[in-house]
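Take a look at the structure set out below.
The values are calculated or read from the model by the stated rules, or taken from the named source; none is laboratory data. All values derive from a computational prediction rather than experimental measurement. Positions of Cβ are generated from backbone atoms using ideal geometry, with glycine treated the same way; all protein chains shown enter the neighbour counts.
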Amino acid sequence: MKKFVLFIAAIAMTASVSAQTVTESKTFDNFYIGINGGLATQTTHSSWMKNLRTNAGIRIGRNFTPVFGLALESNVYFNNKPLALTGTFVNSMISSVLGTVNLSNWFGGYKGEPRAFEVTAVYGFGWAHMFGNKNNYEGNTGAFPKNINAMTSKAGIDFAYNFGKSKAWQVYVEPSINYFLNGNGYEGIQYNINKSFVQLNAGVVYKFKNSNGTHNFTIATLRDQAEIDGLNAKINDLRNANSDKDAQLSAKDKTIADLQNQLNECMNKPAPKTAVANLQPTVIFRQGKSVIDPAQYASVSMIANYLKAHKDAKVKVSGYASPEGSKEINQKLSEARAAVVKDALVKKYKIAADRISTEGLGATDKLFDEVEFNRVATFNDETK
């Protein structure tokens, strides 16, 4: 058990070291399959050459790092004369779970592709099954158990050669020692040399193609710290520049919002009232006169009614004269005509004087085509 703990500790250390140098593997990367075969014989109490047995097996595994891997292996052992008493062609089968440690990559580092020659340690545990009638094993001594099943442990060294353009193939020679840990199936768990056999196998392995396009691990591209610091500085500069742009955009957004609010206020304001020129009604005067004829009071009355109906309304009375006569006389005459209309509104119709303003605009021939119609007083609504 102590050996096993040390083995796991070594695996953890090598896995952490390797993970820093190679690219990340996907779930189905770095798998391999292989076949092997060779000779086995009991370690002690036996004539090695006389008791040699042949075996053949299959191994399926995965390398998790250039150093550490895990494999499933199953071998069958064929009868020879000393063990013919089992009565079967296949004497036994051992299936194992093996941890693998590539010693070449552990101590020499991984350079991006496998070396031509590599040395790998294998170690693990398994299960053995003896074929034939259980009673045939009575009286059997040595490494091979009398019981049908037994727990096993294997330790070995693979001397491997990688070949091919992409080094997808590997051949290896593996000497190993295999223990029946519980002896004859009913003894305590122990590594007992007298309950073991040695084995020499040769095998061939094919490594499946990975997601990186190769059949092996690839080295990760590492950058020096100065380059990383430079890239981080550029990233920070871009972030700061982006923050400045964000601030500028925020200011522009605020300006746009303010202008939009001002526009909305302008659109929601009521339209200003403009002065409306009331060309009708008009008060027409005789030539050279500033007296209102009785017939013209109808126009004055209409203006009075308008002012009474609109308490806030104000009007301007504009007086005019026809072009006959001098400029000075026409100016005075136009002022007098405006004044007499105001006086009528105030005295006759009781309109407040401050609601009426007057102006004399002198002579004109622009209001009407007929000359006599230009001797008038007109009204303009000046309500604000």
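For the range 89-108, residues that are in contact (Cβ under 8 Å) with a residue 12 or more places away in the chain and surrounded by fewer than 17 Cβ atoms within 10 Å (Cβ to Cβ) total 4. Based on what the data block shows, is residue 313 assigned to a helix (DSSP H, G or I) and touching a residue at least 12 places away in the same chain (Cβ under 8 Å)? Considered against the rule, which asks whether it is assigned to a helix (DSSP H, G or I) and touching a residue at least 12 places away in the same chain (Cβ under 8 Å), residue 313 comes out as no. Within the range 352-384, if we keep just the residues that are of a type in the set (A, V, I, L, M, F, W, C) and surrounded by fewer than 19 Cβ atoms within 10 Å (Cβ to Cβ), the residue that is farthest from residue 317 (Cα to Cα) turns out to be 371. Identify all residues within the range 286-340 that are touching a helix residue (DSSP H, G or I) at 6+ places or on another chain (Cβ under 8 Å), surrounded by fewer than 17 Cβ atoms within 10 Å (Cβ to Cβ) and of a type in the set (Ser, Thr, Tyr); write none if there are none. Scanning the range 286-340 gives a single hit, 297. Beta carbons closer than 9 Å, at least 6 apart along the sequence or on distinct chains, pair a first residue in the range 358-384 that is farther than 20 Å from residue 307 by Cα with a second that is at pLDDT below 80 and of a type in the set (Lys, Arg) for 374/366. When 249, 307, 333 are screened for being in the same structural domain as residue 362 (by TED's automatic domain parsing), farther than 23 Å from residue 364 by Cα and modelled with pLDDT of 80 or more, only 307 passes. Inspect the range 33-50 for any residue being in a loop (DSSP other than H, G, I, E, B), among the hydrophobic types (A, V, I, L, M, F, W, C) and closer than 25 Å to residue 211 by Cα and give the result as yes or no. No, that holds for no residue. For the criterion of being in the same structural domain as residue 46 (by TED's automatic domain parsing), part of a loop (DSSP other than H, G, I, E, B) and modelled with pLDDT under 95, residue 197 fails. A count restricted to the range 47-70 and to residues that are modelled with pLDDT under 90 and either closer than 24 Å to residue 103 by Cβ or surrounded by 17 or more Cβ atoms within 10 Å (Cβ to Cβ) (or both) stands at 2.
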